[in-house]
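Below is one structure, written out as structure tokens, with a few remarks after it.
The values are calculated or read from the model by the stated rules, or taken from the named source; none is laboratory data. Values in this document were obtained by computation on a predicted structure and should not be read as measured data. Glycine gets a Cβ as well: all are built from the backbone with ideal geometry, and neighbour counts include every protein chain shown. Accessible surface areas use protein heavy atoms only, side chains included; no ligands, DNA or RNA. Shrake-Rupley method; radii C 1.70, N 1.55, O 1.52, S 1.80 Å.
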Amino acid sequence: MRDLVTSFPDEVTQTANLDRFCAESAQTYERLHVVNAPNGCNQPTFGLLFDIDGVLVRGRTLIPAAKESFKKLVDRNGEFQVPVVFVTNAGNGVRQAKAELLSQVSQDQVMLSHSPLRMLTQYHNKNVLVSGQGPVAEIAQNMGFQHVVTIEMLREAYPLLDVVDQNRRPKEQIPPDKDFPRIEAVILFGEPIRWETNLQLIVDLLLTNGYPANPVMSPPYPHIPVLACNMDLMWMAEAKIPRFGHGSFLVCLESIYKKITGNELKYEALIGKPSLITYNYAELLVRQQAKSRGWSGPIRRLYAIGDNPMADIYGANLYNHSLQSAQRSRVQAKMKAGQVVEEEGAEAGSPAGERGGKLGGSCHAESCRSILVCTGVYSRHEELPSDPHESVTQRVFHGHRDFRFDPSLVEASYVVQDVNEAVDLIFTQENWPLN
């Protein structure tokens, strides 16, 4: 999993991982969803991935350009004309809450940072601690986790651990709960409210192998598994400047753990933009949405619209790199096997449903193009480097520690003012009629 979500694996491994994940995801989706496939006239061969915060809304305020863009995306019957998925790094809520923030959007079109946790079934039977705010226990259970422990439950079981806030310290000696189960993994959904409490208790678990009542003799390494959702260092709300995101909390956790142990905190999975698993899952949802609408043509191109170069643009470009590498690997494999290599998805005589759209086979688009808007974290008024060959974001890397910096990955395919201009650009590129 680490290779899939945090780095550039070798091409053979990368192709196998993506194909396996796509096949497994498709099978799971087919089991959980009844497909309604009416026949449609237009057959889109592209799909859209929209970020929400900073692109469509600022806090709970709808950005004016979003309303105009929706008029072009939706037909007279109130249905989207093309496959659209809303991919947000928010992880402290449920999909329905985000869908309600946007008119004409169903929760099946919303993908939160933690959505791919459904596929990590190897952890669903473990005792997991969940960190974040909002209904994190409900979220974890909805993802398939069966034994969920919250920070508050852990505090109650071990009342002597959380002592930073003197007003919350126990007034008398309370013994720990000896029957409390060992914590086998930690899931970080989003930034918590009391950072000091969450940081303390999570580090306690890592140092004691999941038994926080035990003394620390020699910290185990590797530690118990940690799965983190949403790596955004900052995000854009109503304020004029960006606010701390969950990525800032992760920086604190990583720094404290390394300062105490001398070792790097390791993640079993990093989920949410810019990870590959997030974009792979989003592509699956685009394809399934197209199938449910009766659009049988293959989805060849994805367009990812976002406001954060380190999350939205980096992730889209990283996924595009992965798609290109996987495509080259499949061609090379066919050549080694002595097969005739035709342009993938372009056989004139094959049925539309077999041209790159078959579930469980090669289920990937040909490209993922990134579009940066200036209504959120990024602003066109940012100071440019004196060297024109230097990336705007090269001086300070705001991405996660486990993602290597590559200037090309934070340079968008297109830069536009807002989401309305982005939709105009995409429809022009695709020769798609504007309403």
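For the listed residue pairs Lys171/Lys259; Lys178/Lys259; Lys171/Lys266; Lys67/Lys240; Lys126/Lys178; Lys240/Lys273, the alpha carbons are over 25 angstrom apart in Lys171/Lys259; Lys178/Lys259; Lys171/Lys266.
Ranked highest first by average number of other Cβ atoms within 10 Å, how do 275-281, 176-182, 164-170 line up? List each step's numbers first, then the result.
Numbers: 275-281: 25.3, 176-182: 12.0, 164-170: 9.4.
Top of the packing list down: 275-281, 176-182, 164-170.
Based on the Kirkwood radius over alpha-carbon pairs, what is the Stokes-Einstein translational diffusion coefficient of region 140-233 at 20 °C with 1.002 mPa s viscosity, in µm²/s?
Once the numbers are plugged in, D ends up at 149 µm²/s.
The order of Arg194, Arg328 by accessible area, most exposed first and with a 1.4 Å probe, is Arg328, Arg194. Taking a ≥ b ≥ c as the square roots of the eigenvalues of the Cα gyration tensor, an a/c ratio of 1.5 or more together with a/b larger than b/c marks region 199-274 as prolate.
Between the amide H of Val415 and those of Leu372, distances stay under 5 Å, these residues lying 5 or more places away or on another chain, with hydrogens modeled in the peptide plane.
Length gained on full extension, Leu434 to Asn263, computed as 0.36 nm times the residue gap minus the Cα-Cα distance: 56.1 nm. Accessible area per residue was computed with a 1.4 Å probe on protein heavy atoms; Trp235 scores about 80 Å².
State whether region 98-196 is rounded, prolate or oblate according to the following rule on the C-alpha gyration tensor (a ≥ b ≥ c being the square roots of its eigenvalues): a/c under 1.5 gives rounded; otherwise a/b larger than b/c gives prolate, and the remaining case gives oblate.
oblate
The residues neighbouring Asp307, those whose beta-carbon lies less than 9 Å from its own, together hold a net charge of -3 under the Lys/Arg +1, Asp/Glu -1 convention.
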